[in-house]
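Report on the following structure.
The values are calculated or read from the model by the stated rules, or taken from the named source; none is laboratory data. Computed from a prediction, not measured in an experiment: that's the story for all the values here. Using ideal geometry, Cβ is built from the backbone for each residue, glycine included, and neighbour counts are taken over all protein chains shown.
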Amino acid sequence: MLQKIINEMHLYEKNVLKALEVSGGKATPDEVADSQDLNIKQVMSAAGALESKGIIIIQKEAEEIIKLTEIGNNYVKKYFPDRWITQKVYENYTKNSTTPVNDIPPEYKPAIGSVRKKGFINIKNGKLEPTDKGINKGKLLYGKVGKKDREEFFDEEEEFIKRLSEKKILSTSNIPKKFKKAVNNLKHRKIIKITKKTSYKFKITSKGQQILDHGFKIREEATQVTHQQLKTGTWRKLHYRAYDIYAEHPEIFPGKMHPLQRSIQKIRRIFLNMGFTESKGTILESAFWNFDCLFQPQDHAAREMQDTFYVKSPAKTDLPTDELVKKVGQTHISGGNTGSEGWGYQWDVDIARQSVLRTHTTCVSARFLVENKPPLKMFSVGRVFRRETITYKHLPEFHQVEGIIAAEGINFRNLLGILKEFYHQLGFEVRFRPAYFPYTYLSTECEIYLPEKKSWIELGGAGMFRPEVLGPLGVKTPVAAFGLGIERLAMIQLGIKDIRMLYQSNLGWLRKLPIKKP
């Protein structure tokens with residue numbers, strides 16, 4: 001086991017271990033670097049690898065070092081500004097005179113506020129006057145008092161920077177208690193600065209000592225083989241370092257397709273393999289294509305402002321041919337030539353011109369039927385918009401897949417067979433139950449079975465387009481239609497309960513998702 005560890009050690013790791021052996025089991029990075037002719041970067045890299053293997057311990061010590069700034073050095077060489085200002089004001093006071101602020105040298109002016117805060121001066125009309133405290137301080141510093149009563153330092157701040165300049169204090173760890181407040185003030189005044197210094201020390205562990213006792217040789221190791229070495233055969237005589245295939249490695253998060261997009265692509269592939277043609281449409285649509293041509297009355301609740309996003313600019317859209325518009329309007333009023341009684345109200349073409357964000361992709365199917373002749377199979381995947389309150393299961397924007405099959409003889413049974421195959425390819429067991437939709441008859445809802453919940457859940461709707469939809473469009477063959485929301489399908493496949501997870505870009509969740517072919 002020890003020999004395996006030694007074989008896998010890098011040359012620099014062996015150098016560090018040898019240096020620790022010579023120094024008695026303890027050494028600093030600089031000492032190791034000097035003894036092994038390595039640079040600090042090489043030493044620290046090797047030490048980190050040794051520590052991860054439990055061969056050495058890296059002891060880390062952080063210390064805050066105090067230094068004088070350039071301003072502080074100038075004050076030490078000349079005068080502490082608080083002392084100079086207090087002395088100047090006191091001297092002028094003894095001469096029955098005040099001290100104008102403008103008489104203070106520029107390098108000392110920043111200290112006026114500090115001297116005032118300490119209670120030694122007042123400022124009146126741009127002039128400095130000593131307080132009683134300032135007068136007493138002046139007497140002690142410069143007055144005619146006994147030598148034993150005279151103060152050597154102005155205050156703790158001056159004393160501290162004096163000691164700092166004499167290297168008597170270097171770290172925050174050895175600051176006497178009386179200087180604590182002074183240090184904070186001096187730092188705020190930018191007279192001193194405090195920097196952090198980190199030092200390291202290496203210490204060998206029992207495992208490391210066992211390796212040293214076992215012994216090893218330090219020799220050059222080949223890291224790559226050249227063409228010349230392969231040609232001459234000298235590569236056989238080179239020494240190669242063993243590699244630990246179980247060594248720790250950084251976790252990698254490669255780019256991958258978003259899970260929602262993965263579901264969309266899977267649906268696209270299923271329909272394309274089933275012989276469908278893909279069509280696309282715009283998200284900005286006219287109320288005519290979104291509602292009217294699908295035989296949805298203009299006073300229907302789904303067309304209210306609280307359910308549909310109406311667009312201000314452009315507020316109106318162009319309509320198709322006058323003939324088609326007229327047929328759709330007549331179908332709403334009286335049923336037209338469809339055999340229906342219609343809705344029996346006065347249809348308004350201006351309402352049909354209103355701009356909306358499409359509420360479903362069925363409008364793509366309607367346009368496709370006008371532009372293409374049966375037989376045909378078409379599907380469309382796209383975003384749709386509804387004025388929904390954002391909750392764990394509802395969003396105002398989501399994706400929908402829509403499809404139609406048009407051909408002579410197509411019937412409801414054919415539609416159910418196509419849907420059964422579609423859901424089977426998605427991996428679901430499906431059943432159908434009767435339903436109502438404004439523009440299809442017969443209509444059904446598709447339910448899939450969830451084994452883990454032992455229950456059925458609705459996942460889409462389908463039906464045969466009504467004559468009121470097909471007649472104005474000029475379609476004479478039966479048309480089967482279907483649609484479903486993709487987000488709900490994605491939630492089931494991913495095992496999530498909150499639809500918002502699909503849009504929140506939760507990197508932690510996205511990274512944990514497995515990479516697999518959509």
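Per-structure values
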{"read-out": "Entirely in the stretch 74-186, the helices (runs of 4 or more DSSP H) that have 3 or more residues that are out of contact with any His (no Cβ under 7 Å at 6 or more places or on another chain) and assigned by TED's automatic domain parsing to the domain that holds Thr198", "value": "none"}
{"read-out": "Single residue of the stretch 1-31 satisfying the filter (surrounded by 17 or more Cβ atoms within 10 Å (Cβ to Cβ) and free of Cβ contacts under 8 Å to residues at least 60 places away in the same chain) that is farthest from Asp213 (Cα to Cα)", "value": "Glu31"}
{"read-out": "All positions within the stretch 358-375 that are buried (at least 18 other Cβ atoms within 10 Å of the Cβ) and out of contact with any Pro (no Cβ under 9 Å at 6 or more places or on another chain)", "value": "Arg358, Thr359, His360, Thr361, Thr362, Cys363, Val364, Ser365, Ala366, Phe368, Leu369"}
{"read-out": "Scan of the stretch 254-268 for residues that are in a loop (DSSP other than H, G, I, E, B) and either surrounded by fewer than 10 Cβ atoms within 10 Å (Cβ to Cβ) or hydroxyl-bearing (Ser, Thr, Tyr) (or both), ordered by number", "value": "Pro254, Gly255"}
{"read-out": "Filter pass, Tyr75 being over 27 Å from Pro176 (Cα atoms) and in contact with a helix residue (DSSP H, G or I) (Cβ under 7 Å, 6 or more places away or on another chain)", "value": "no"}
{"read-out": "The stretch 414-450 - residue that is closer than 27 Å to Phe291 by Cα and charged (D, E, K, R) and, of those, surrounded by the fewest Cβ atoms within 10 Å (Cβ to Cβ)", "value": "Arg433"}
{"read-out": "Residues of the stretch 465-482 that turn out to be part of a strand (DSSP E or B) and either surrounded by fewer than 22 Cβ atoms within 10 Å (Cβ to Cβ) or among the β-branched types (Val, Ile, Thr) (or both), as a count", "value": "1"}
{"read-out": "Set Val311, Val325: member being closer than 30 Å to Leu484 by Cβ and either in the same structural domain as Ile390 (by TED's automatic domain parsing) or surrounded by fewer than 19 Cβ atoms within 10 Å (Cβ to Cβ) (or both)", "value": "Val311"}
{"read-out": "Test: residue in the stretch 285-301 that is surrounded by 12 or more Cβ atoms within 10 Å (Cβ to Cβ) and at pLDDT below 90", "value": "yes"}
{"read-out": "Among residues of the stretch 32-44, those that are touching a helix residue (DSSP H, G or I) at 6+ places or on another chain (Cβ under 7 Å) and either in contact (Cβ under 8 Å) with a residue 12 or more places away in the chain or at positive phi (or both), counted", "value": "7"}
{"read-out": "Any hit, the stretch 216-232, residues being touching a residue at least 24 places away in the same chain (Cβ under 8 Å), in the same structural domain as Ala62 (by TED's automatic domain parsing), of a type in the set (A, V, I, L, M) and touching a strand residue (DSSP E or B) at 6+ places or on another chain (Cβ under 7 Å)", "value": "no"}
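Residues checked against (1) more than 30 Å from Pro259 (Cβ to Cβ); (2) of a type in the set (Ser, Thr, Tyr); (3) touching a helix residue (DSSP H, G or I) at 6+ places or on another chain (Cβ under 9 Å); (4) free of Cβ contacts under 8 Å to residues at least 40 places away in the same chain:
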site	(1), (2), (3), (4)
Gln425	no, no, yes, no
Tyr436	yes, yes, no, yes
Ser455	no, yes, no, yes
Gly474	yes, no, yes, no
Gly485	no, no, no, no
